[in-house]
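Undergrad: I'd like to ask some things about the structure below.
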Amino acid sequence: MTQTITAEYRRLQQELHCNPAYGVASVAFAPLVATICQLNAIREIADYGAGKQRLRPALEDNGVILEAYHPYDPAFPEAGEPTTAPLVCCIDVLEHVEPACLEAVLQELAGLVSQLAFVTIHTGPALKQLADGRNAHLIQAPPSWWLPKICRVLEVLHLENHDQMGQGFWLLLAPKQQSAVIDKQPAGDR
């Protein structure tokens, strides 16, 4: 696997995370993640690109007490390594990935999903800039650009446009092998 982040970009992300208004999207999506947890009896999640780790307290505010929360963010190495979980959340992360690293990130993300993944992608420019002058959203592309890349590694169960942050969409995803088993069940057994 190729690298998921360069050293220089890690430094730029660490700098940007000093802004208290950066990395707040997970709070807005917590009610939806809470519903997914409740409907699927999920008590353990991995937060891929966790930033300041605001998702766990936001889930608690929405009535979900997790047995295990596994944050991962390359800008915060002290959070630990990426971890497999029944639900992997990747909220407002993929549009920030360096384009040359996107395939490696998607492969890594897919390898962590044991049951479901909840992914949000903002498709337009961010309100924030990196210290080098670039827009914080390195990838600004419509769903039609993202879907083929995501579908190579995960199966789409649900896609919906969202207005939480302006332009964007969210996905509920499953591992490829899990969806293949579901598709092979006789119609009467579904």
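Since every read-out is calculated from the coordinates, none of them should be taken as a lab result. Note that the coordinates shown come from a computational prediction; the quantities given were computed from them, not determined experimentally. Neighbour counts run over all protein chains shown; Cβ positions are idealised from the backbone, glycine included.
Undergrad: Just how far, in whole angstrom, is segment 41-66 from segment 88-107 if you go by their alpha carbon centroids?
TA: Segment 88-107 and segment 41-66 have Cα centres separated by 19 Å.
Undergrad: Regarding segment 7-189, what whole-number volume in Å³ per residue does the convex hull of its Cα atoms give? Can you show the working numbers first?
TA: Details: hull volume 22.0 nm³, N = 183.
That works out to 120 Å³ per residue.
Undergrad: Let me ask you something else. Compute the helix-to-body angle for 25-39: its Cα long axis versus the longest principal axis of the chain, expressed 0 to 90° and rounded to tens.
TA: 10 degrees
Undergrad: What is the angle, in °, between the Cα long axis of helix 102-112 and the longest principal axis of the Cα atoms in the chain? Nearest 10 is fine, range 0 to 90.
TA: With rounding to tens, the tilt is 40 degrees.
Undergrad: Between helix 7-16 and the chain, what is the angle of the helix's C-alpha long axis to the longest principal axis, kept within 0 to 90° and rounded to the nearest 10?
TA: The helix 7-16 is inclined about 80 degrees to the chain.
Undergrad: Something else now. Over all directions, average the projected area of the Cα convex hull of segment 62-141 and note it in nm².
TA: Details: hull surface 26.9 nm².
If you wrap the Cα atoms of segment 62-141 in a convex hull and average its projections, you get 6.7 nm².
Undergrad: Give the order of ASP47, ASP132 when sorted by the count of other beta carbons within 10 angstrom, beginning with the fewest.
TA: Values: ASP47 27, ASP132 9.
If I rank by nearby Cβ atoms, fewest first, I get ASP132, ASP47.
Undergrad: Could you work out the relative contact order of the chain, using alpha carbon pairs under 8 angstrom and six or more residues apart, expressed as a whole percent?
TA: Details: 323 pairs, mean separation 36.3, N = 190.
Once normalised by length, the contact order is 19 percent.
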